[in-house]
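Colleague: Got a structure here, written out as structure tokens. Questions coming.
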Amino acid sequence: MALSFFRGIQSRPFLLYPSGFFPRKHALFYCTMKSTQTQIATHEKQEPQLKVSTQSKRLDKISKDFEAVIGIETHVQLSTITKAFCSCAYNYGSQPNTTVCPICMGLPGALPVLNSKVIKFAVKLGLALNCKLSLNSKFDRKQYFYPDLPKGYQISQFDVPIATGGFIDLDLPVEYGGGHRRFGITRVHMEEDAGKLLHTGNGSYSEVDLNRAGVPLLEIVSEPDMRTGIEAAEYAAELQRLVRFLGVSNGNMQEGSLRCDVNVSVRPIGQLEFGTKVEVKNLNSFSAISRAIDFEISRQVLLHNEGESNQIVQETRLWDEGAQKTVTMRKKEGLADYRYFPEPDLPEVILGNEYIDGIRDSLPELPEMKRRRYEQMGLSMQDVIFLANDINVADFFDATIAKGADVKLAANWIMGDIAAYMKNEKLSVNEIKLTPQELAELIASIKGGTISGKIGKEILFELMAKGGTVKGLITEKDLVQIVDPVEIQKMVDKVIAENPKQLEQYRGGKTKLQGYFAGQVMKLSKGKANPGLLNKILLEKLNAKS
Amino acid sequence: MGCCELLLLHTTIKMGSRALLLLRPTTSTKDLHFKSRFLSEALIVEKRRVRSYSVRSTIHPPDLPRLAETARISLTPDEVEEFAPKIQQVVDWFGQLQAVDLQSIQPAIRADTKGENLRDDVPETFENRDAMIAAVPSYEEPFIKVPKVLNKE
Ligand SMILES: [Zn+2]
């Protein structure tokens, strides 16, 4: 059938190919992105706090004799303004097929010209991942037929990637037992994204949006160094932090700016060779990565234990979020043949040592460096991981202590009331009105005794919601703490005089009523009485023989 | 290594035919495009073989049914018979390159070493988008319509 069809569309050779043409490696992945995107919960802000599933507990039991081997391929969409090989802008969510040109639509005769930012970002990430950079690399064509790939090939890097042989360091969350891990990075290479293929519900056709075609990606391939779902999810979370710290991508999983495919195999402990590898796709959150892997490990170990290890075949499986399991997408029929060859339309990519050094010198402090620095400041691992998780939070913390704030107190305020407020109001740290300067001032005012901790809290919420300064609010609202014993004593006397019944009960043995009196005095002082002084004077008065 | 040269020539042919297509997008280019695409596939396959063999190996006759599959083209038995010798002829032509002595030559990862041709990350709108979209044979605002894509299994 193909020949006649092909002849039919010849005069517009850039246009796509008929149906029934065979799926290629990434095909269904992209297809499924759309349908699942709508049902994804927003896990992002709470990451990487993953929940321990009952499944992983079951896993502990059955996998005593087996070891899982996990490797991850990650695609990161770069936050360049324009595409990789043409000057079309890319904005997620634009009207379909509006940011296209002859190059990204694959029209005959159109020639690609590489965006210099793509190289810059690749070098940044390569350095951040401790890789060796290829001073001389090249682009290759990866051939496959799919309607979202207008040229019939993807421009990628095959045998000479821009970066190889690195590693990434991370700290596992304390709630999972903690621990430092180093996972190997096999390679990082540059390539272009395909368009988006959308499947209409009932129609006999599919829809193509080529806005994404030609958008630059970095593919990061890990060594098979991970052993559990949590380790894999944390690897992905650390990559997300890294690309965000570097400013090379927004790392947003829901929008598909960071996509992970994982390879999972199990082997009896002690066995050197790997078991049969299964690829799992459609992982749209860190918790999906963790749960999909743990499910896949149990499935494979179960087959081993039931003497059916031959049922584990090399295949691609999809994570079904609704059913919380992996399902077969397609079995591999021999390795796909992409018939790579060097891209003749692009020159080689040459990196000079000066260029590389310039980028190395301008790298920001990376998450791992931040965590080690925070650890050395004496913060707990939980604090360290929380503060270094989000670059904006880390910057806020750093700016606060740069203003002289006590390290532990600053961490407590940020992780406590400020984080809770941000969560409730769904705001980022950059969106709240509180500045690091004022947080430092607030901490100093409490420490110095100008205001009580309770009033400090009230001021904090006002600062976060409306802005302003600590000094301004203290004066405006007359909030300076009352530390004058005479003044406090006057208030205590007044409260005792006004509550003769309670006094009688107190002196009759109901000493719990001390709290009642303290509350009344605090109320009278509008919360400004120094609590220590208040209690000391109150006790003296209550216990005094009249 | 003779594969670089092979590639270059192959590419030249491919590019050439693309350019021709652009110039004459009507009936007469049909066969040309068909053939060149088919040949491209043939040469890619050959190139792979060459790479895995030692220098100056003989080039094996192309496997027509496989080439047709990778090029997504169905051929009738008559067409296989018609094309086989023609493709063999072209492959032999490229095979002559295997005679070049490259023992003392450093393998090049790229043909041209002229260096970089980069552009700044500055957006530019392609002005003739409407004409380009109008040329899409099956378009339904705002999407390009294609036959439903099904999983092979
Ligand atoms: Zn474009």
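The values are calculated or read from the model by the stated rules, or taken from the named source; none is laboratory data. A quick note: this is a predicted structure, and the numbers were derived from the prediction, not measured. Cβ coordinates were reconstructed from backbone atoms using ideal geometry, including for glycine residues, and neighbour counts include every protein chain displayed. Surface accessibility is based on the protein's heavy atoms, side chains included, excluding ligands, DNA and RNA. Shrake-Rupley method; radii C 1.70, N 1.55, O 1.52, S 1.80 Å.
Colleague: Do we find a residue being within 16 Å of the ligand (Cβ to nearest atom) and surrounded by fewer than 19 Cβ atoms within 10 Å (Cβ to Cβ) anywhere in segment A:157-178? Steps first, please.
Modeller: Start the filter on segment A:157-178 by keeping residues that are within 16 Å of the ligand (Cβ to nearest atom), which leaves none.
No.
Colleague: In addition: Run down A:242, A:303 and say which single residue is part of a helix (DSSP H, G or I) and over 30 Å from residue A:174 (Cβ atoms).
Modeller: Values: A:242 fails: over 30 Å from residue A:174 (Cβ atoms).
None of the other options fit; the residue is A:303.
Colleague: What number of residues within segment A:371-386 satisfy the criterion of being open to solvent by less than 60 Å² (accessible area, probe 1.4 Å) and within 13 Å of the chain's Cα centre (by Cα)?
Modeller: The qualifying residues number 1.
Colleague: Quick one: is residue A:355 at pLDDT 95 or above, more than 23 Å from residue A:427 (Cα to Cα) and within 14 Å of chain B (Cβ to nearest Cβ)? Before the answer, list the steps.
Modeller: Working: at pLDDT 95 or above: yes; more than 23 Å from residue A:427 (Cα to Cα): yes; within 14 Å of chain B (Cβ to nearest Cβ): yes.
Yes.
Colleague: Is there any pair linking a residue in segment A:75-89 that is in a loop (DSSP other than H, G, I, E, B) to one that is of a type in the set (Val, Ile, Thr) and within 13 Å of the ligand (Cβ to nearest atom), with Cβ under 6 Å and at least six apart or on different chains, and which?
Modeller: Listed pairs, sorted by first residue: A:83/A:215; A:85/A:103; A:86/A:103; A:88/A:99.
Colleague: A further question follows. If we only count strands (runs of 3 or more DSSP E) wholly inside segment A:94-207, which ones have 3 or more residues that are within 27 Å of the chain's Cα centre (by Cα), closer than 22 Å to residue A:251 by Cα and modelled with pLDDT of 95 or more? Step through it out loud before you land on a result.
Modeller: Details: elements: A:140-143, A:153-156, A:163-171, A:180-192, A:196-199.
Counting at least 3 such residues, we get A:163-171, A:180-192.
Colleague: Here are A:111, A:135, A:107: which of them is more than 10 Å from every other protein chain (Cβ to nearest Cβ) and either in contact with a Cys (Cβ under 6 Å, 6 or more places away or on another chain) or of a type outside the set (S, T, N, Q) (or both)?
Modeller: Values: A:111 fails: more than 10 Å from every other protein chain (Cβ to nearest Cβ); A:107 fails: more than 10 Å from every other protein chain (Cβ to nearest Cβ).
Among A:111, A:135, A:107, only A:135 is more than 10 Å from every other protein chain (Cβ to nearest Cβ) and either in contact with a Cys (Cβ under 6 Å, 6 or more places away or on another chain) or of a type outside the set (S, T, N, Q) (or both).
Colleague: Restricting to segment A:75-99, and then to whatever is more than 15 Å from the ligand (Cβ to nearest atom) and among the hydroxyl-bearing types (Ser, Thr, Tyr), can you tell me which residue is nearest to the other protein chains (Cβ to nearest Cβ)?
Modeller: Among those that are more than 15 Å from the ligand (Cβ to nearest atom) and among the hydroxyl-bearing types (Ser, Thr, Tyr), it is A:79.
Colleague: Turning to a different aspect of this structure: If I filter segment A:73-83 for residues that are modelled with pLDDT under 95 and open to solvent by 20 Å² or more (accessible area, probe 1.4 Å), do I get at least one hit?
Modeller: Filtering segment A:73-83 down to residues modelled with pLDDT under 95 leaves none.
Scanning segment A:73-83 turns up no residue that is modelled with pLDDT under 95 and open to solvent by 20 Å² or more (accessible area, probe 1.4 Å).
Colleague: Looking at A:195, A:184, A:203 in this structure, which one is farther than 30 Å from residue B:146 by Cα and either buried (at least 18 other Cβ atoms within 10 Å of the Cβ) or more than 16 Å from the ligand (Cβ to nearest atom) (or both)? Explain how you work it out, then say what you get.
Modeller: On the way: A:195 fails: farther than 30 Å from residue B:146 by Cα; A:203 fails: farther than 30 Å from residue B:146 by Cα.
Going through A:195, A:184, A:203 in turn, the sole match is A:184.
Colleague: For segment A:302-315, does any single residue satisfy the condition of being open to solvent by 30 Å² or more (accessible area, probe 1.4 Å) and under 22 Å from residue A:144 (Cα atoms)?
Modeller: Yes, the conditions are met somewhere in segment A:302-315.
Colleague: I would also like to ask the following. In this structure, does residue A:147 turn out to be without any contact (Cβ under 8 Å) to a residue 40 or more places away in the chain and more than 16 Å from the ligand (Cβ to nearest atom)? Working first, answer last.
Modeller: On the way: without any contact (Cβ under 8 Å) to a residue 40 or more places away in the chain: no; more than 16 Å from the ligand (Cβ to nearest atom): yes.
When the stated conditions are applied, residue A:147 does not pass them.
Colleague: Do we have residue A:113 as open to solvent by 20 Å² or more (accessible area, probe 1.4 Å) and within 16 Å of the ligand (Cβ to nearest atom) here? Even if it seems obvious, please write down each step before you answer.
Modeller: Values: open to solvent by 20 Å² or more (accessible area, probe 1.4 Å): yes; within 16 Å of the ligand (Cβ to nearest atom): yes.
Answer is yes for this residue.
Colleague: Can you tell me which residue is nearest to the ligand (Cβ to nearest atom) among those in segment A:206-244 that are closer than 16 Å to residue A:286 by Cβ and basic (Lys, Arg)?
Modeller: Looking only at segment A:206-244, we keep the residues that are closer than 16 Å to residue A:286 by Cβ, and these are A:220, A:222, A:226, A:228-244.
Subset that is basic (Lys, Arg): A:241, A:244.
Values: A:241: 31, A:244: 26 Å.
The residue in question is A:244.
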